[in-house]
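Note sheet for the following structure.
The values are calculated or read from the model by the stated rules, or taken from the named source; none is laboratory data. Small disclaimer: the values here were computed from a predicted structure and weren't measured. Every residue, glycine among them, receives a Cβ derived from its backbone with ideal geometry; neighbour counts consider all protein chains shown. What goes into the accessible areas is simple: the full protein's heavy atoms, side chains included, and nothing from ligands, DNA or RNA. Shrake-Rupley method; radii C 1.70, N 1.55, O 1.52, S 1.80 Å.
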Amino acid sequence: MIIVLLGPPGAGKGTQGERLAARLDVPKIATGDVLRAAVRDGTPLGLAAKAAMDRGDLVPDDVIMGIMKEALESPTAAKGAILDGVVRTTPQAEGVAAMLQGLGRQVDAVLLFDIAEDELVRRLSGRTTCDACQRPFFGRQPGEACEVDGKMGTLVRRRDDEPDAVRKRLQVYRDQTSPVISWYEQHGPRVVHIDAIGSLEDVEARALQALGY
């Protein structure tokens, strides 16, 4: 089963992606993670991605799709995968569909995590991020140590987590993602809205129920 996660920043889809991946025994594949791995490993596509980043350019979609294809061809993804942050625009949705078709696979479900804008602003303006591993934390203060990476990192508050910046990010998300949702609704994979308010366990249970588990 190939599952695409959609949702605004702060909706918790990254955390839920990890939980769903563990529960379903499939990998969570995120664009940033596979790009960094390909660059680190020095693969041909990784070198192409690094060249683009060194020039200050966006990594071309065909390079990203190639790296995603390699990740999905891995034996660890034989049973499926959770795609987090892979589809942000309609061309990327089309690219993923074409890439999967070449592998004889398809997107089976799209989980859209719904949450009110005011709650997102509240959440994100209270978020800190580890400057080493980039893991987000809530209810923690800037300057505290990140225990996840062996206390090598320090928690910081990013400038784009300020309330005004958050609202701008949410507008960008809406502008980009509304067409993506429409595209999926017109091209087959079922789009399931998941209420993202509640405990991690409650949201996970809703997502699993939507997937038939």
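If you go through the range 82-98 and keep only what is within 15 Å of G32 (Cβ to Cβ) and of a type in the set (A, V, I, L, M), you end up with I82, L83, V86, V87.
Residues considered: A11, A21, A30. Of these, the only one that is touching a residue at least 24 places away in the same chain (Cβ under 8 Å) and under 18 Å from C133 (Cα atoms) is A30. Among residues of the range 2-30 being part of a loop (DSSP other than H, G, I, E, B) and over 17 Å from E70 (Cα atoms), the one that is most open to solvent (accessible area, probe 1.4 Å) is D25. Annotation: of all residues in the range 154-167 being out of contact with any Lys or Arg (no Cβ under 8 Å at 6 or more places or on another chain), among the charged types (D, E, K, R) and assigned to a helix (DSSP H, G or I), the one that is surrounded by the most Cβ atoms within 10 Å (Cβ to Cβ) is R167. The residue list E144, E162, E204 contains one member that is without any contact (Cβ under 8 Å) to a residue 24 or more places away in the chain and on the phi < 0 side of the Ramachandran plot, which is E144.
For the range 86-95, a residue qualifies if it is open to solvent by 40 Å² or more (accessible area, probe 1.4 Å) and either farther than 23 Å from G12 by Cβ or outside any loop (DSSP other than H, G, I, E, B) (or both), and the qualifying residues are P91, E94.
Sub-8 Å Cβ pairs linking a first residue in the range 189-200 that is more than 11 Å from F113 (Cβ to Cβ) to a second residue that is of a type in the set (V, I, T) and open to solvent by less than 50 Å² (accessible area, probe 1.4 Å), at least 6 apart or interchain, are P189/V4; P189/V107; P189/V110; R190/V110; V191/V110; V191/I181, ordered by first then second residue.
Taken together, the residues in the range 168-196 that are in contact with a helix residue (DSSP H, G or I) (Cβ under 7 Å, 6 or more places away or on another chain), more than 16 Å from V110 (Cβ to Cβ) and exposed (fewer than 15 other Cβ atoms within 10 Å of the Cβ) amount to 0. If you filter the range 96-153 down to residues that are in a loop (DSSP other than H, G, I, E, B), under 28 Å from D195 (Cβ atoms) and of a type outside the set (A, V, I, L, M, F, W, C), you find that the one that is least open to solvent (accessible area, probe 1.4 Å) is G126. For G56, the conditions (1) in a helix (DSSP H, G or I); (2) more than 18 Å from the chain's Cα centre (by Cα); (3) surrounded by fewer than 19 Cβ atoms within 10 Å (Cβ to Cβ) are fulfilled apart from (1).
Residue-level analysis places T90 among those that are over 14 Å from I2 (Cβ atoms) and in contact (Cβ under 8 Å) with a residue 24 or more places away in the chain. Of the residues making up the range 46-85, just one is closer than 23 Å to P9 by Cα, among the small types (G, A, S) and touching a Pro at 6+ places or on another chain (Cβ under 7 Å), namely A81.
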